[in-house]
Amino acid sequence: MRGLLVAAALMAALPATAQPVPSAAQPVIDLTGVAAPARPGKPFAARNLPDRIILTPGADPSTAMAVSWRTDMAQADALAEIVPLLSSPGFGARAKPVTGKSWATTSENGPATYHQARFDGLTPDTAYAYRVKGAAGWSEWQQFRTASAEAKPFSFIYLGDTQNRILDIGSLAWRRAIVQAGNPQLMLHAGDLVASRDDLVHDDEWGEWAAAGGWTLATIPQVPAPGNHEYVDVPLPNGKEGRKLNPHWPLAFALPGNGAPGVEGTSYVLDWQGVRFVVLDGTSAIDLGTLEAQTRWLDAKLAESKARWNVVLFHQPIFTCARPKNTPAMYKAWKPVLEKHRVDLVLQGHDHCYARLTDERGKAASATARGAGEPVGPVYMVSVAGAKMYGLNDRSGTQPDRVAEDTSLFQTVDVSAERLKVRSFLNTGRLYDGFDLVRGADGRNRLEELPETLPTVRRCTGPAQAVDAPMPPNRMGPDGLLCTAETKD
């Protein structure tokens, strides 16, 4: 346990006002949503015991992890304890103290203090227990296992947007995924975790997101990519609107901070047991001028990768399943880099529909290539876990290999030396799609479809519904209910 250290510097992504708060002279971070509606009570007010405990991996998760949590203002300092986990209930006697950073905040739910601590100098492939401090006492002991320093089989979960009705609907896919995956080592989120828009209380949304994940957030390291809804609109002097990272983000996630220049707190890279995960910030690339810097960084991180598998995670999809056109900035800049380095999986969100694509020419060409034993390049996936749905576009019938509309899903990925087993499930737990990527002797991937019969493709029927238009009475969803998928133009 020697060498447990705490990061001495604040994450680069923290907003200018997000400084440590050792005294009242320091500014308080305002988490209030713009024009948020009044409502009785404060449903997600901070308490004197810790909540919103979120574990994130370090840059080298075989030796480092980090945790964030929230308390009321009575707990001014970030205090944690960590110890190798033993079966004896007395293991806590050997716990080591760890101090961190704290920030005072205010929101519609009242004042709160956010805390972060970093656990460094850990032993690879080892079970640890940790707990964090509130004014009224410690949290329960939470446990995690560091990554192995060597390639080793493991599984992870991938979720698309939760965004709307997070606790009500998004929790169904999330919690079913935990049960279905059994023992996932990581959980990936493809952005738009919350909505962060003018008519919603931002802190309530983050409260719902934390409640949806519950204790699993503190036990399974979370790997989030920011979406456009992790940014908030801000007025500019010229009368137009700009974007600013929602201040909840750098407080909720103590990320590695090793990302592309200018977006170190919202892009990052980590290696886990033979897989390199590269996380990008599509919104910053499109709207804030960081596309070139992220493209160079992506190219460098993939070029230096010694991992058996490479997975790239970001929000806005290169190939869309809902919008009329693909995302031009991503298509032009990132697609050549992904294909140059033979990335295995490209995991995305944003479109509020499901699509799996292996060949830009279309699913017929993809099937022909697979039948001839040809290798495949990146498999591009888009998924959605929450309640907000968009209708499929006119390419959905011919280009992707498999699609779904008006459907909440989750994905599991089982990793081994020669195979990635990718499965997509409905939030009921029923298998909807799946494939294996098999690494050949030539170092290239072949895609194997599942032998079992899958459910009928889930589509709405009847005329498409325009965004914000009244629901057509004959627009029916795949389950015999009114279709909730809006047309995205």
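Any read-out appearing in this document is the output of simple, stated calculations on the displayed coordinates, not a laboratory observation. On a predicted model such as this, the values are computed, not experimentally measured, just so you know. Glycine also receives a Cβ, built like all others from the backbone with ideal geometry; neighbour counts cover every protein chain displayed.
Subtracting the Cα-Cα distance of LEU86 and ALA135 from their residue separation scaled by 0.36 nm leaves 14.9 nm. With the charge dipole of the range 29-145 set up from +1 on Lys and Arg Cβ and -1 on Asp and Glu Cβ about the Cα centre, the Cα lying farthest toward the positive end among the listed residues LEU122, SER139, SER68 is that of SER139.
Trypsin sites (Lys or Arg not before Pro) within the range 279-377: which are DSSP loop residues with at most 14 other Cβ atoms inside 10 Å? Numbers along the way, then the final one.
Values: sites: ARG296, LYS301, LYS306, ARG308, LYS325, LYS332, LYS340, ARG342, ARG356, ARG361, LYS363, ARG370; in loops: LYS306, ARG308, LYS325, ARG342, ARG361.
Taking the range 279-377 and a limit of 14 other Cβ atoms within 10 Å, the loop trypsin sites (Lys or Arg not before Pro) found are LYS306, LYS325, ARG361.
The distance from the alpha carbon centre of the range 359-389 to that of the range 295-340 is 15 Å, rounded to a whole number. Projecting label points 7 angstrom from Cα along Cα→Cβ for ALA93 and GLU452 puts them 4.9 nm apart.
Label-to-label distance for ASP442 and ASP394 is 3.7 nm, based on points extended 7 Å past Cα in the beta-carbon direction. Computed extension length for ALA329-GLN26: 105.1 nm, one decimal, from 0.36 nm per residue of separation with the Cα-Cα distance subtracted.
Calculated FRET efficiency, ALA365 and LYS240, Cβ-Cβ r, R0 45 Å, to nearest 0.05?
Details: r = 42 Å, r/R0 = 0.94.
Working from the Cβ atoms, E equals 0.60.
Helix 202-213 axis versus longest C-alpha principal axis of the chain: approximately 80°, rounded to the nearest ten. Expressed as a whole percent, the proportion of Cα-Cα pairs in the range 210-261 lying more than 14 Å apart is 66%. Once the Cα atoms of helix 328-340 and of the chain are each reduced to a long axis, what angle between those two axes, in degrees from 0 to 90 to the nearest 10, is obtained? So the helix axis and the longest Cα principal axis differ by about 90 degrees.
What full-extension length gain, to one decimal in nm, is calculated for GLU292 and LEU482 as 0.36 nm per residue of separation minus the Cα-Cα distance?
Details: separation 190, 0.36 × 190 = 68.40 nm, distance 4.32 nm.
The span from GLU292 to LEU482 would gain 64.1 nm if fully extended.
Taking GluC sites (Glu not before Pro) across the range 216-318, the ones in a DSSP loop with at most 10 further Cβ atoms lying within 10 angstrom of their Cβ are GLU304.
So how many Å³ per residue does the convex hull of the Cα atoms of the range 29-145 work out to? Don't jump to the answer; show the numbers that get you there.
On the way: hull volume 13.2 nm³, N = 117.
Hull volume normalised by residue count: 113 Å³.
When the P(r) of the range 256-346 is calculated, the portion above 16 Å amounts to 50% of the C-alpha pairs.
Going highest first, how would you order 179-186, 435-442 by mean Cβ packing within 10 Å?
Numbers: 179-186: 16.5, 435-442: 14.5.
Going from most to least packed, we get 179-186, 435-442.
Compared with the dominant Cα axis of the chain, that is its longest principal axis, helix 171-181 is turned about 80°.
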